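Any read-out appearing in this document is the output of simple, stated calculations on the displayed coordinates, not a laboratory observation. It should be emphasised that the depicted structure is a prediction, and the values quoted were computed from it without experimental measurement. All Cβ positions, even for glycine, are placed from backbone atoms using ideal geometry, and neighbour counts span all protein chains on display.
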Amino acid sequence: MLPHSLLEEIITVGISGGADYAEVFLEDNVKKQIALDNGAVESILSGQDYGCGIRLFLGTSSIYTFTNDLSRNNLLQLAQESASQLQGTAATSGVSLYESVSVNRNPYLWVPSSVGNSKKIGYLETIHKSAKAYSPEIKHVSVRHWEMDRKRTIATSDGLIHSDRSVYTRFFVKTMASNGVENQTGFLRPGALKGMEFYEEYDIEGCAREAAKSAVTLLHAGPAPTGVMPVVLANGNGAVFVHEAIGHSLESTAVESGNGAYSGKIGSQIANSCFNLVDDGTIPNGWGSLNIDDEGIAATRNVLIKDGILTGYMVDRLGSRRLGLPPTGAGRRQSYRFAPTSRMTNTMVVPGQYEDEEIIRSVDYGLFAKEIGGGTANVVTTDYNFNVLEAYMIRNGQICEPVRAACITGRASETLFEIDMVGKHLAFGQGMCGAASGSLPVDNGQPMLRIGKMTVGGRK
Amino acid sequence: MNFRECRETVTELAQAQGFDGWELECLTNESVLTGLGKDGKLSRTTSRVKGAAFRGIKAGRSAEVFTERLDRQGLERMILTALDDTASLQPGSAGPVYAGGGSYETVNNYDPALDEESFAPELARNIVQKANRGIVFCDEAQVSVYSRTRQVANSAGVELEHRYNYATVLFTATARTPEKMREKMMFASANRADGFDVDGICEAAVSTAKDLLEAETPESGTYSIVFRNDIAGDLVAGFSIFFSGSQVSKGISLVSDKQGSRVAGQAVTLIDDPLLKNGLFSCPFDSQGVPTKSKTILENGVLKEFLHNTATGQAAGDAGSGWRINYDEPLEAAPCNIYVKPGTANDAALCAQMGDGIYLTSLTATFHGAGVNAVSGDFSMPAKGYRVKAGKLCGTYELFTISGNYYELLNNIRAVGDQLAFVNPYMIIPGAPAEYGNYGSPSLLIDGISVSGR
């Protein structure tokens, strides 16, 4: 997008203006989404993000500016204005940049933008038909294809230029079951860091039936009970809980102020000893995987909790300066319109020793949370709240009737000690995580977990 | 490329590709985000980004394409992609291009004082000073100033421009004792530099955080609740989607066929007014260039009308509510400044009318996909507030969840307060709200809310 000589000029202006680190982030990002509504193509939205972010550090202070006016004059002026705010000591030497080539762990076969709309619509129609065929109670099916072809260049005053291309493909299927008086929904959204071959490799019809089954089940479900009880989180999408309630608290931005729940607690027991947590950006084609992060650092496998003991944080470059810890390849951003910050990639609970049946059998009365939806978590108090999209009661060691409108609430710092059984079978659920540096693809993985005591909020 | 050059290039390219009609919306978003720590350290993020959204219509089909690459190459790619995409759509699905001829009101919601260099640091400093009190501390206050220029043109010769700006404030007051820590995150927004009641918001944050140190968890059950006005707008954000023409035309909204019927408590009059004085997003025209006007959606609980863009409003002969959150988001039939019309009772009177219940001051997970299911209307949100006994506040409550269904909640609104407040726009991309609309309400007294606590 820009010649190397101009990147060198921008960085030199930043450094000579008083910054002790300068970074230029360039992005050319082509996107498309196609919406099929009840079998008809409702809309197609295509587009191109195209811009540049300039970031300067002086010690632990940071200035960020971004623009899509990529003229030389504008970029040099922005670098100069930003540097002047830092009030540092000017360096005298210029910067020479060398290209760095990263290993591509996330190969793609069919670049989505090279595949015609009719092929994509064909996949959506297949998904629609499978969902609709599940039951006459399915009154509405929305299916959406989403693709992104993201090209990045990151040049830093460390002297390197990193370039990367990431191709994402995903679909959403949302079903609505209705009896005319009330509606219930089922929703799944699988995806991968790969091309259109994703549709060929994934069981798209099975996924559609699952979404339809969820909506129909909920239409006939009674209200969830209220109270404190054992909760079993299913593998896969149940991991949203771990992502929100624990993961965010271990990002360096959450701990660097010293007020975070886990600030200064490396080496401390923060969870039951059966609990192990890893953030791994190196899983080939994982939805949250990276070759390099948005600061030009290679992705890593980062062990966060080992046998219940806190062993590490997810650290970006600024967090590294503030915490005195090395960066872990966790600096991510939605686009050039955000300064990067520490974020998760593929976060997973390490499998344990129990079969799923053993875990269910161990509960006399409790809730089986099959699909968890959105929620919130507070990184200081660790208070959390999650909607359970699909849930069932467990009675006498058996999964029984479905219940709806359940939510789980509590304080993660206490709940982590209540996790007392970890299953053997790891599964992932793909999501988009929204935080300070925007909305990012993240994969959440976990085996089945039993939480001995959790607050369930229902309407009964 | 400026807007005129962009419009001329799009006109030439769209004609060459045989489009029957087209719309162009250019948005220029500028933002200055200022953070001030209690140590006096200042941080700033500045931006100026411009993008174009194109909706091209051919043979009754329309596709939307956006670009941030505003040179000839970028625009050519945009038009050719639109041409390719229209061929994949259903014939007859396109909303028409607005033909023009309507008159536009004058809306002035641009305050140059917000752009002054000293405005944000002074406001942040003032907040940090006033929110650090005794056992309550505030590490940082963030003040963001957003300016947006909306420029719209279409193939019928419509050409419009409107510029507005506003500022938002965000800070957290944390009350700390050796044993525990409780916090209150505060948002405020205004489109005038003198529109922030700093003393009021700091006092509310500090006292709420302190009061929560003594909070208990309420017993589970069904409660009457007064939602304080600064959070009641979140409820409006939750249920207003039921009145979107997009939801209605698909038959997803359960009030699709209820025009003329009672769907809410008699106390509820719901208005969407894009011309609202001091409305954050007020604009004399929508993203399609259609003149905007105030619409009464619910009047004394009776459903009067829906919100339409030119596609969803074809049958009703209505439009003017076609909005994009940003140029890279789809055009939707959505609200602009939507609010519940205030009544005459103050909060003390609402609590007195309630008798026993909860006076709610904090709600989270209020957005669709988190605590709210936009299709079923089910909601479940963590909350904090005050215990109310015999109409008086006595003690605080935390660690509980309120749940219910928005369709039922609308009918259970018993009374409305006298002071209208708007909730802060939820922002992910600087300058581009993440949700359609600016949501407001006075305090609301609502019966039959399920509370999950002890």
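Annotations for the structure displayed:
- Rel. contact order, % - alpha carbon contacts under 8 angstrom, at least six apart, segment A:287-409: 17 percent
- Distances between placed amide hydrogens fall under 5 Å for A:G222 paired with A:R404, all partners being 5 or more residues away or on another chain.
- Relative contact order %, segment B:84-146, counting alpha carbon pairs below 8 Å whose residues are six or more apart: 25 percent
- Hypothetical label at B:Q353: residues of segment B:257-296 whose amide nitrogen lies under 19 Å (7 Å Cα-Cβ projection): B:263-271
- Converting the Cα gyration tensor eigenvalues of segment A:76-135 into ellipsoid dimensions via √(5λ) gives semi-axes, longest first, of 52, 19, 12 Å.
- The listed peptides B:162-175, A:340-353, ordered by packing as a protection proxy, come out as A:340-353, B:162-175 (highest mean of other Cβ atoms within 10 Å first).
- Computed from the Cβ-Cβ distance with R0 of 51 Å, the FRET efficiency linking B:E116 to B:D84 stands at 0.65.
- Between B:K277 and B:E299, the distance separating the two model label sites (each 7 Å from Cα on the Cα→Cβ line) works out to 2.3 nm.
- For the residue pairs B:K258/B:K384; B:K184/B:K295; A:K265/A:K306; A:K174/B:K384; A:K370/B:K384; A:K213/A:K370, the alpha carbons lie more than 23 Å apart in B:K258/B:K384; B:K184/B:K295; A:K174/B:K384; A:K370/B:K384.
- Spacing of the two label points (7 Å from each Cα toward its C-beta) at A:D158 and A:E205, in nm: 4.9 nm
- Whether segment B:87-132 is rounded, prolate or oblate, judged on the alpha carbon gyration tensor where a/c under 1.5 counts as rounded: prolate
- When only alpha carbons are used to place a centre, segment A:397-454 and segment B:233-279 end up 34 Å from one another.
- Overall form of the protein assembly as shown per C-alpha gyration tensor (a/c, 1.5; a/b vs b/c): rounded
- Rounded if a/c under 1.5, otherwise prolate or oblate - segment A:208-357, Cα gyration tensor axes: prolate
- Label separation (A:E197 vs B:N2): 5.0 nm, computed from points 7 Å beyond Cα along the C-beta direction.
- Per-residue ³J(HN,Hα) for segment A:359-365, Karplus 6.51 cos²θ - 1.76 cosθ + 1.60, θ = phi - 60°, Hz, x for Gly and Pro: 5, 4, 4, 7, 9, 7, 8
- Chain lengthening between A:C400 and A:L325 when straightened (0.36 nm per residue, less Cα-Cα): 22.2 nm
- A:M229 sits among other residues whose Cβ lies under 12 Å from its own Cβ, and their net charge, with Lys and Arg +1 and Asp and Glu -1, is +1.
- Restricting segment B:26-128 to GluC sites (Glu not before Pro) that sit in a DSSP loop and have at most 11 other Cβ atoms within 10 Å of their own Cβ leaves B:E117.
- Going by neighbour counts of Cβ atoms within 10 Å, the residues A:F417, A:F241, B:F187 line up, fewest first, as B:F187, A:F417, A:F241.
- Whole-percent P(r), chain B, all Cα pairs, 10 Å bins from 0: 4, 20, 28, 25, 16, 7, 1, 0.
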